[in-house]
1. Karplus couplings for the stretch 89-101 from phi (6.51 cos²θ - 1.76 cosθ + 1.60, θ = phi - 60°), rounded to Hz, Gly and Pro as x?
2. For the charge dipole of the stretch 54-236, defined by +1 on Lys and Arg C-beta atoms and -1 on Asp and Glu C-beta atoms about the Cα centroid, which residue among His60, Ile85, Gly170 has the Cα displaced farthest towards the positive pole?
3. Of Gly160, Pro102, Ala31, which is farthest along the charge dipole of the chain in the positive direction, counting Lys and Arg as +1 and Asp and Glu as -1 at C-beta?
4. Report the antiparallel proportion of the DSSP beta bridges in the stretch 54-236 as a percent, rounded to a multiple of 5.
5. Which residue, Phe98, Phe166, Phe183, has the most motion in a Gaussian network model of the chain that connects Cα atoms within less than 10 Å?
6. Only Cα pairs under 8 Å and at least 6 apart count here; give the relative contact order of the chain as a rounded whole percent.
7. So what's the net charge close to Gly19: Lys and Arg +1, Asp and Glu -1, counting the other residues with Cβ under 15 Å from its Cβ?
8. Quick one: work out the % antiparallel among DSSP beta bridges in the stretch 119-203, nearest 5.
Amino acid sequence: MKFALHNGERKEADNNLKGALCCICNSEVIAKCGDVKIHHWAHKTKRKCDPWWENETQWHRDWKNQFSKDWQEIIHKSETGEKHIADIKTPKGLVVEFQHSPIDKDELSTRNTFYEKIIWVVDGKRRKYDERNFEEAIEFSKELKRTDLGNSILLKEWSGIQKPVFFDFGKPLLWAISDGWVFEFDKYDFIEGVKMSDTLTILLKEKVKNLYEERKSIEALERKRGKRTFADVMKRRY
C-alpha cells in the first residue's frame, strides 16, 4: 500500500513513522523503504485484508501519480458493508483499476459488479510476447475488416468484460476496447478524461460512433462496387 493512517492522516511509507494503521482494516502496518522494491506499507503480520489487492510495481505507481493523491487508494464500500481499495476513485465515483498480475474471470466479474463505474488499465508488457501477438491480431483484423483475437492472450482475456479496457504498452498511445471495438487512444486524453470523469465517457462514445460510421461508409462503397462485405456474409450465413 502507498498510504497508511498515522495520527489520523494518510501518509506515504516512511521508516520514521511508527504505529501507522492500515486504512481498510486498522491493523498495524510497518514501512518498507528499501532499495529494491518501491516504498510501501506492509501489515506487521502476514494478514492480507483486501484479497483483491496486488503487490505494486513501479508501473502502478507511475499511473497513480498521474492523479491527485486524494483520489489514490480510496476505500469503496458497498451497501452490504463490503470494502475494497480502489486504485483511483474520482469525486464523481469513477474507479480506475491498474492491473499487472493475472486475474481470473470470476474475480474480474465480481469487481466489475462491485465498482460498477469502472475502467481498467492493463499492463501490456507483463508477458514477453503480449505486445507482438496483440499487434499481429490487430493487423489481421484490419485485413478481415472485423476483430479477430488471433493468438493475443490479452484480447482473449479482456475483450468480453463489458467495461472499457485500455492496454498500456509503454507508448504515448494506449489501445482501448469499448463496445466491441478496438482502437488507439491517446494516453494524455485518457488521463485528462479521467480527471473530468464524464469527458472520458463522451470521448469513448464519440470514437466508437466514428468507427461505426466509417465502417458503414466502407461497406456501402464496397456494395456499390459489387463486393460482398463481412456483414453480407454473416447475414446470408455463408
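1. Values per residue, Gly and Pro as x: 9, 7, x, 8, x, 6, 9, 10, 10, 9, 10, 10, 6 Hz.
2. After comparing all options, I get Gly170.
3. Of the candidates, Gly160 comes out farthest on the positive side.
4. That works out to approximately 65 percent antiparallel.
5. Evaluated over the chain, the most mobile residue of the options is Phe183.
6. Answer for the chain is 10 percent.
7. Neighbourhood net charge equals +1.
8. 70 percent
Bear in mind that the values in this text are calculations on the coordinates, not laboratory data. Just so it is clear, the structure is predicted and the values come from calculations on it, not from any experiment. A quick note on method: Cβ atoms are made from the backbone with ideal geometry, for glycine too, and the neighbour counts reach across all protein chains shown.
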